[in-house]
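K.L.:
Can you keep this structure in mind? I'll have questions shortly.
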Amino acid sequence: MYPDPKNKWNPSASIETLRTRAKILKVIRDFFNTRGIMEVETPLMCQTSVTDPFIQSIPALFQAEGSKKEIRYYLQTSPEYAMKRLLAAGSGPIFQISKAFRQGEIGRHHNPEFTMIEWYRPGFDLQDLMDETDELLTLILNKPKAERKTYADIFMQHLQINPHTVSLNELQTCASEKKLSVASEIKDVDTWLQLLMSEIIEPRIGQNKPCFIYDFPASQAALARIQPGNPAVASRFEVYYRGMELANGFHELQNANEQRKRFEKNIATRKQLGLNEMRMDEFFLSALSHGLPDCAGIALGIDRLIMLAANHGTIAEVMSFDFARV
């Protein structure tokens, strides 16, 4: 059902808040421009999208003039693949403030269409990128520097389990003790860990200042490289503030063959879960084969950042028009 145009023609954010948003966006651009990081733009609509089974893309049908055939494209869930193609082509450090789209994500902290900033720093490792991200957050949020904890530390602190060695049965028992119920049986450790992280741990961390969580399990590496050790860990971090995830950063994987294997695993998982099939982005894989520079990169939610900076309770309050008004 369409919303009543008589009641929802007006913006979801106040004009004063939109002025604040504009000022924050300028501060962010100045932050990167003064560091000599080039701003770029990449397509929002592409023939492929992410294979990640936990992220669902929004399709867009395209029909060329004079053609009767419709081609399925996708609105991008992030500009990551295209930006890495630019890096492989020799762009040097880059950033992008971009719209992104994700199916089914709607709520107090979610909107199907949202704004993110993504940036990449050749020559940076994970600690360098955490330092720079902390500088940006301190500037925008006017809060103390963030604390940093490992993924293992945070699980031990809040749930008294070691996420790198825990069994499926121990996770099920932990969830039961925390009165966490699920709609269907979960049969893998990572899904349980992610559920416990989002439902139990996230609401408790980063209350007074941002919190970086790093050294994720190797099985959750996504597009990050894996650091050898006992246990091996993903060179990845997430940032939380007031119980909400703000950003996700990687020391980027450069190996095209390893990335292809991860995509293949994602595709198999999607099939098991009954999700729609997603093709691998061969342009992106070709860019990795050509040579991605040693770099670290991060995606940060602009709407959530502005929501926190402006002291609002929902991201709708910092958007011109949220999903209920389009």
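K.L.:
Would you be so kind as to identify all helices of the chain, as entire DSSP H runs, whose Cα atoms reach 20 Å or more along the helix's own axis and whose mean Kyte-Doolittle hydropathy is at least -1.0?
P.N.:
Result, helices passing both filters: 15-33, 126-141.
K.L.:
Separate question: If you project the alpha carbons of region 169-304 onto the principal axes, what extent comes out on each, in Å, largest first?
P.N.:
49, 38, 36
K.L.:
In this model, which of K187/K209; K145/K179; K26/K84; K6/K143; K84/K265; K99/K143 are farther than 29 Å apart at the alpha-carbon?
P.N.:
K187/K209; K145/K179; K6/K143
K.L.:
Classify the chain from the C-alpha gyration tensor, please: rounded if a/c falls under 1.5, else prolate or oblate depending on whether a/b exceeds b/c.
P.N.:
rounded
K.L.:
Can you tell me how region 62-128 classifies by the Cα gyration tensor, rounded, prolate or oblate, using a/c under 1.5 as the rounded cut?
P.N.:
It comes out oblate by the Cα gyration axes.
K.L.:
Taking only protein heavy atoms and a 1.4 Å probe, what accessible area per residue, in Å², does region 222-326 have with all protein chains in place?
P.N.:
Per residue, region 222-326 has an accessible area of 46 Å².
K.L.:
Next question, about the same structure. If the elastic network links every pair of Cα atoms under 10 Å, which of G66, G36, G107 fluctuates the most in the Gaussian network model of the chain?
P.N.:
G66
K.L.:
Mind listing which trypsin sites (Lys or Arg not before Pro) in region 28-80 are in a DSSP loop and have 12 or fewer other Cβ atoms within 10 Å?
P.N.:
K68, K69
K.L.:
Give the accessible surface of region 105-202 per residue, rounded to a whole number of Å², with probe radius 1.4 Å and ligands, DNA and RNA excluded.
P.N.:
Ligands and nucleic acids excluded, the result is 50 Å² per residue.
K.L.:
Next question, about the same structure. Using a Gaussian network model of the chain with C-alpha springs under 10 Å, which one of S12, S167, S49 is most mobile by mean-square fluctuation?
P.N.:
Judging by the Gaussian network model, the answer is S167.
K.L.:
Same structure again: May I ask you to work out the translational diffusion coefficient for region 66-172 at 25 °C, viscosity 0.890 mPa s, via Stokes-Einstein with Rh from the Kirkwood sum over Cα pairs, reported in whole µm²/s?
P.N.:
For the chosen part, D equals 135 µm²/s.
K.L.:
May I have the convex hull volume per residue, in Å³, for the Cα set of region 189-236?
P.N.:
Spread over its residues, the Cα hull of region 189-236 gives 85 Å³ apiece.
K.L.:
With a/c under 1.5 counting as rounded, go ahead and sort region 1-105 into rounded, prolate or oblate using the C-alpha gyration tensor (a ≥ b ≥ c being the square roots of the eigenvalues; past the cut-off, prolate if a/b is larger than b/c, else oblate).
P.N.:
oblate
K.L.:
How much mean residue ellipticity at 222 nm does the chain get from its helices, if each DSSP H run of length 4 or more adds -39500 (n - 2.57) and you divide by all residues, to the nearest 500 deg cm²/dmol?
P.N.:
-10000 deg cm²/dmol
K.L.:
Ignoring ligands, DNA and RNA, what percent of the 1.4 Å accessible area of region 267-326 is carbon and sulfur?
P.N.:
55
K.L.:
Same structure, new question: Please sort by residue number the trypsin sites (Lys or Arg not before Pro) in region 205-289 whose DSSP state is loop and whose Cβ has at most 14 other Cβ atoms within 10 Å.
P.N.:
Hits after loop and neighbour filter: R279.
K.L.:
Which of P43, P59, P293 moves the most in a Gaussian network model of the chain with Cα springs under 10 Å?
P.N.:
Looking only at P43, P59, P293, the largest GNM fluctuation is found for P43.
K.L.:
Hey, another quick one. Rounded to a whole number, what % of the accessible area of region 47-105 do carbon and sulfur atoms account for, probe 1.4 Å?
P.N.:
The C+S portion of the solvent-accessible surface of region 47-105 is 50 percent.
K.L.:
Let me ask something else. Which loop-located GluC sites (Glu not before Pro) does region 1-72 contain, where loop means any DSSP state but H, G, I, E or B and the Cβ has at most 14 other Cβ atoms within 10 Å?
P.N.:
Within region 1-72, the qualifying GluC sites (Glu not before Pro) (loop, at most 14 other Cβ atoms within 10 Å) are E41, E65, E70.
The values are calculated or read from the model by the stated rules, or taken from the named source; none is laboratory data. On a predicted model such as this, the values are computed, not experimentally measured, just so you know. Virtual Cβ from ideal backbone geometry, glycine too; neighbours counted across all protein chains shown. Ligands, DNA and RNA are excluded from the accessible area calculation, which covers all protein heavy atoms including side chains. Shrake-Rupley method; radii C 1.70, N 1.55, O 1.52, S 1.80 Å.
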